[in-house]
Amino acid sequence: MSKHGALAGQTALITGGANGVGAASVRTFLREGARIVFVDRDKEAGESLIEELSEWEASVRFVHADVSRQSDVEAMVVASYDFLGRIDILFNHAGIIIVKPFLDFTIEEWDELMDNNSKSAFMVTRLVLPRMLEQGRGVIIYTSSTGVKASTHLESVYCASKAAMHQLARSIAVEYRDRGIRCNTICPSFIRTKHGEDEIAQLRKYGVFASENDVNIMQGRICEPEEVASVALFLACDASSFINGAEIMVDNTFTAV
């Protein structure tokens with residue numbers, strides 16, 4: 001852990017932190033001096049990452065939890081404060097995707113996407129925000145999607161769930177701006193992660209052109225998880241002190257064309 005990094009002396013809670021962008025963010029935040037709790041329902045991946053990060057064992061903990069479940073959220077927030085003492089940065093990154101035609105979606109799948117993508121962010125934030133307000137400052141980051149701006153074929157309910165979370169983040173920024181809270185969203189396009197690979201596989205099942213070459217046409221090349229993690233780092237540190245209620249598109253022109 002660096003004593004001189006951009007996050008030196010800061011603490012962070014990262015949900016969905018065992019794989020992809022979440023794991024890249026855990027590594028990046030640690031290198032920049034933060035103490036971290038990361039949460040994931042993928043126990044095997046979480047334990048593997050902790051093993052990888054053994055040199056930082058005094059600065060990082062993994063909590064196995066499903067943030068779509070209220071009881072899990074309550075327990076993991078208690079565990080996070082027990083280890084960290086305070087939470088300066090909350091990175092709500094956890095989320096899932098289901099790809100299928102709108103009329104094929106079930107009520108249960110609607111609930112599953114809403115619970116994992118928007119309700120989870122709501123539940124975690126409502127437990128962490130009060131103590132941030134007591135501290136007089138706090139940074140909250142949500143992982144949204146380019147789907148809130150450019151709706152993706154066969155991803156109607158996923159886009160809706162991200163849009164709900166997206167507006168929640170903006171509203172929190174407006175409501176608590178004058179009490180030391182910053183809340184922003186990161187909106188990535190296709191990323192080289194398990195989530196991204198799963199999305200591409202589901203699209204291809206329905207005959208949608210979604211190979212890496214197809215992605216390259218839409219956004220030049222596929223995004224690497226570390227490139228999103230670097231944006232999360234920027235939003236977490238004081239270098240972005242006047243950025244609040246913003247949506248940062250990390251998509252290499254995907255939504256600009």
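The values are calculated or read from the model by the stated rules, or taken from the named source; none is laboratory data. Source: prediction; values computed, not measured. Cβ atoms come from the backbone with ideal geometry, glycine included; neighbour counts cover every protein chain shown.
Of the numbered conditions (1) farther than 28 Å from residue 218 by Cβ; (2) within 16 Å of the chain's Cα centre (by Cα); (3) not polar (S, T, N, Q), residue 129 fails exactly one; give the number of that condition.
All conditions are met except number (2).
Out of the residues in the stretch 183-204 meeting the condition of being in a strand (DSSP E or B) and of a type in the set (Val, Ile, Thr), tell me which one is modelled with the lowest pLDDT.
The residue in question is 191.
For the stretch 43-74, give me each residue that is within 17 Å of residue 115 (Cα to Cα) and surrounded by fewer than 21 Cβ atoms within 10 Å (Cβ to Cβ).
66, 69, 70, 71, 72, 74
Among the numbered criteria (1) closer than 23 Å to residue 42 by Cα; (2) touching a helix residue (DSSP H, G or I) at 6+ places or on another chain (Cβ under 8 Å); (3) of a type outside the set (Gly, Ala, Ser); (4) at pLDDT 95 or above, which single criterion is violated by residue 105?
Unmet for residue 105, out of (1) closer than 23 Å to residue 42 by Cα; (2) touching a helix residue (DSSP H, G or I) at 6+ places or on another chain (Cβ under 8 Å); (3) of a type outside the set (Gly, Ala, Ser); (4) at pLDDT 95 or above: (1).
So which residues in the stretch 38-76 are assigned to a helix (DSSP H, G or I) and over 17 Å from residue 22 (Cβ atoms), if there are any at all?
Selection gives 54, 55, 70, 71, 74, 75.
Does residue 18 qualify as being in a loop (DSSP other than H, G, I, E, B), touching a residue at least 24 places away in the same chain (Cβ under 8 Å), in contact with a Gly (Cβ under 7 Å, 6 or more places away or on another chain) and within 21 Å of residue 120 (Cβ to Cβ)?
Against the criterion (in a loop (DSSP other than H, G, I, E, B), touching a residue at least 24 places away in the same chain (Cβ under 8 Å), in contact with a Gly (Cβ under 7 Å, 6 or more places away or on another chain) and within 21 Å of residue 120 (Cβ to Cβ)), residue 18 qualifies.
State the number of residues belonging to the stretch 122-170 that are out of contact with any Ser or Thr (no Cβ under 7 Å at 6 or more places or on another chain), part of a helix (DSSP H, G or I) and in contact (Cβ under 8 Å) with a residue 60 or more places away in the chain.
4
Looking only at residues that are in a loop (DSSP other than H, G, I, E, B) and of a type outside the set (Asp, Glu) in the stretch 21-37, which one is farthest from residue 186 (Cα to Cα)?
Result: 33.
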